[in-house]
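Let me begin by presenting the structure, written as structure tokens, before commenting on it.
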């Protein structure tokens, strides 16, 4: 398949998103800085000054909050999984008394876990003594995706340069089989493939600061992404988008990998914003 044919296929995929976003600008084979927009450069500079210190501060705080296997670590993992998976909906008050009784722990490790979740932005403690599960607004999601696009597109370029083509060829095959994965294992099995893809990108990039920044944004975006779990059509479309990214990475085509990543992120954002709007309208009408 020629490069021109691949770009035509990518343009067709972009039209399927119906998001109204302009098509991504596809550059030639330039160096990593020349291929980025000024906006991406500005955001990446902000990451180095704003996000990285926060990550180091969070890491130091977590060191004191819970050792592996400790009560606070178990509570943190349990509550984080429930919040990210929407089993505890946004806006739910997190009563320390009720949670301690339900989880079978004292309030000391529970408070440590809640503090850690608040540092990650999953719990909102600004409304009073009782924390609540943080809301997800269209504005906050759009802000996160703006940052994510700058990070992920740059990471895709680096992964195309540095990654193992065999790893991404294997992942492309897994995404091509997404329909069977969803039929046999459900959305959970599909998201496990997504996790392996994210790990492969991080391994290929080989940059701890960039990998930490990506992990920070994904904490919230995994939660947002789970809102598409009841939309099989979107999951299959996302799998096709991931497969296109993987094939570009396997062929070490930086420009195509960056363009395919942009298409995927904008389609995901459009789906999440539509879901948030639908949920908001449903709450108002009930």
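Some notes on this structure:
- The numbered conditions (1) at pLDDT below 95; (2) outside any loop (DSSP other than H, G, I, E, B); (3) under 30 Å from residue 234 (Cβ atoms) are all true for residue 97 except (3).
- Residue count for the stretch 102-120, restricted to those that are touching a helix residue (DSSP H, G or I) at 6+ places or on another chain (Cβ under 9 Å) and surrounded by 14 or more Cβ atoms within 10 Å (Cβ to Cβ): 13
- Residues being outside any helix (DSSP H, G or I) and closer than 24 Å to residue 211 by Cα - total across the stretch 102-133: 4
- Selection status of residue 254, in contact with a helix residue (DSSP H, G or I) (Cβ under 6 Å, 6 or more places away or on another chain), over 22 Å from residue 174 (Cβ atoms) and modelled with pLDDT of 95 or more: yes
The values are calculated or read from the model by the stated rules, or taken from the named source; none is laboratory data. Quantities reported herein were computed from a predicted structural model and do not represent experimental measurements. Please note: Cβ atoms are built from the backbone with ideal geometry, for glycine as well, and neighbour counts cover all protein chains shown.
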